[in-house]
Structure formats: C-alpha cells, structure tokens
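Everything on this sheet refers to the single structure shown next.
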Amino acid sequence: MHIGYGIKRADVEGHDADALARLTKLASEVQKLTLTELGDTHAKILIWDTEMVVTSFNWLSFRGDRGRKFRQEEGTLIRHKEYVDAEYERHRDRIESKFS
C-alpha cells in the first residue's frame, strides 16, 4: 500500500496533525505501507483494486467542523482496469522514488 501526500504551503491550516500522526504510526507498524511526503502534489487520488477516484476533497486538511460553511467537492470514479493499472504504476513509482 502506498500513500503519497503533501504540497509545501505557507498557510497555517496545512495537514491535520492527528491524521498524519496516525498514518505515520500505522506506517511504522505495517511493513507493506509506504507513507511519503511528496511536497509538490495537490492531487487527491485513491486507487484500489481496479478502481480509482480523482476528487477535489482534501483528505489530510479537512477539519470536519460543522460550523464552517458548505464547500462543494466533486470527484470521478474510474473503473477502466488498464487505465487504473497504469495510473497506479505511475503514482507508485513516484512515491517509491521519493522514499528511497
């Protein structure tokens, strides 16, 4: 399993520290999990099996505060195996090259 995240930002919101701490802890406990801060990506992509979602949702910075006003988020589900496999390879290679 591979998780690549992060864009260098000057704002104070950034990543949810608790979410990142939990992912870091999990990566230290699960040998097959690679967690890598890429530092230059704004992509929000989930890939599993033969499917993927490309979305505008900020997974590590969403606070879930009910007091904040509504923000429209959208995504696209892709179920084309060859395309998903190629995208997985592309993103995995990038994550692993930053990791090593």
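The values are calculated or read from the model by the stated rules, or taken from the named source; none is laboratory data. All of these numbers come straight from a predicted model, not from anything done at the bench. Reconstructed Cβ throughout: ideal geometry from the backbone, glycine too, with neighbour counts over all protein chains shown.
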In segment 65-85, the residues that are charged (D, E, K, R), surrounded by 11 or more Cβ atoms within 10 Å (Cβ to Cβ) and within 13 Å of ASP49 (Cβ to Cβ) | LYS81, ASP85
Restricting attention to segment 1-16, report how many residues are modelled with pLDDT of 70 or more and either of a type outside the set (D, E, K, R) or more than 14 Å from the chain's Cα centre (by Cα) (or both).
-> 8
Subset tally (residues that are more than 12 Å from THR76 (Cβ to Cβ) and either surrounded by 15 or more Cβ atoms within 10 Å (Cβ to Cβ) or of a type in the set (S, T, N, Q) (or both)) for segment 25-58 = 12
Confirm whether LYS25 is at pLDDT 90 or above and either part of a loop (DSSP other than H, G, I, E, B) or not aliphatic (A, V, I, L, M) (or both).
-> yes
